[in-house]
Structure formats: C-alpha cells, structure tokens
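Report on the following structure.
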Amino acid sequence: MDRRKQIEKQIALKQKQKEGNPTQLEDRSPFPRTEDKEPTSSRFHKLALQSILSGCLFFAIGIAYDANHKQAESVQAFVNHSFEEHFQFAAVSSYFESVFGSPLELLPDQRAQEGSDDIVNYALPASGSIKESFSEDRKGILLETGVEEVVKAVKGGHVINLYEDEESLGQVVELQHQDGTVSVYGMLDDVHVRPYDILSRGAAIGTILETDEEQAGLFYFALKENGEYIDPSTVMNFD
C-alpha cells in the first residue's frame, strides 16, 4: 500500500513540474525561431536618407547644368543625352522577363505570339500598295489603303512617343521593339494606344486617315534602325 502511495506522489510531482514550466515544449520545438522584423523607425530613417540623397543629387545636377564652368560641360552633355535618347524599354523588359519571369500571366497563345517575334519577319502594318516610295526627305513610305483600315504593330514592343505633326503626318505613334528598332505610324485618324503601352505583334494601333476623295486611305510608315531611317520595303513585302 505504501508503494502505491509513493508512485502516486511521483506522478503528481511530475504533473506539477510540467504545469509550472509551460515553455519546456517550446524550447524543444524543431523549428528555428524567427528574428524580429526590422523596426519601423529604422525603415523610416532609411527612407528619409534616400529622400535627402535624391534631393541633393537633383539640386547638384541643376547647379551643374546652369553653371558656366568647363568642369560642368560633361554633366550637361550627359543630361542632354539622357533626355534626347529614349530608354530601351523593350530590351530591358525582355531581359528582366527572361531572368525573373513575366509579371503578368498571359494566355498561352499570347505567350507563343510574343515569343516568336525574334524569328518571324515584320508583319504588315496595313493592307495596301505603296503610293510614294522611301526617300531621304520623306524618311518613310506612303501606303494607299482601304477606307477605315486598321493599323497594326509590325512587332511587339513599347509605345515610346505619341504626338501630332501639324505639317503633314497628323497623329503619329512610335513603337520601340526588343531589338532596338523603332517603327513609326503616321497619318492616323483615331489612335487606340497611349504612351508606354505594351503591344504584341499585330495589335491595333489606330485607324488610317481618309483622303479627300473618301474612297481610299493614306498611311505613313517608317522604320528606324540604330537611330537611322531605313527603307521599309527592304525588310517587308508590300506587294
């Protein structure tokens, strides 16, 4: 009988020890403890420092750009070049997509269409015949098309410019492609895109401006390679 009471006391003692030390199970957990997140004050200090440095850089560039010293000429040239040259959106986008994957989940047929741009020839921007061929003055060609013909992107890329030429070309859209070339679409009636839109090959850009006879449309198209205009008929078949 005494042996039984002794066993019961030992069991009760162990139970009290477990209840008095609830963290014992936590210490034996196989999962490592996670460190506390970075304090909010530390993140705020980093953001404030970045803002201050950005402001200092902005004012430094402004002072250097307005200065008349020879030492500032290199900075001025760099600023002018940065504003005059278009950033290679299409090329950089393609690089990041190849490394990190696409930020958007596209449909399978869209992915196949965009991925084939590198090996497929240019698509025709519109159906029609050449009315005026390429020349150094025109820097492009004029196509005679049907009424309300839809203009399409010859390759996938980014819209880098959208403006109106009051002299002859009317509304103009410039599209930059992955290989660095730029296609130019002019004499548009309605424009369906906006700056920095991402277009796939064959996407609608706008409709063609009607001629005075209202029996045909007239469309301007040009290609730029390495900053120089080239004859589109040398890389595309308009027959």
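The values are calculated or read from the model by the stated rules, or taken from the named source; none is laboratory data. Fair warning: this is a prediction, and the values are worked out from it, not measured in the lab. Glycine gets a Cβ as well: all are built from the backbone with ideal geometry, and neighbour counts include every protein chain shown.
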- So S168 clears everything in (1) surrounded by fewer than 16 Cβ atoms within 10 Å (Cβ to Cβ); (2) over 25 Å from the mean Cα position of the chain (by Cα); (3) at pLDDT 90 or above; (4) not basic (K, R) except one condition, right? Which one? (3)
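When you look at K152, is it surrounded by 15 or more Cβ atoms within 10 Å (Cβ to Cβ) and on the phi > 0 side of the Ramachandran plot, yes or no? Walk me through how you get there before you give the answer.
On the way: surrounded by 15 or more Cβ atoms within 10 Å (Cβ to Cβ): yes; on the phi > 0 side of the Ramachandran plot: no.
Answer is no for this residue.
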- Note on the structure: Y185 vs (1) under 14 Å from A123 (Cβ atoms); (2) surrounded by fewer than 16 Cβ atoms within 10 Å (Cβ to Cβ); (3) aromatic (F, W, Y): all pass except (2)
- Query: Given (1) surrounded by fewer than 20 Cβ atoms within 10 Å (Cβ to Cβ); (2) in contact (Cβ under 8 Å) with a residue 12 or more places away in the chain, where does I205 come up short, assuming only one miss?
  - Reply: (1)
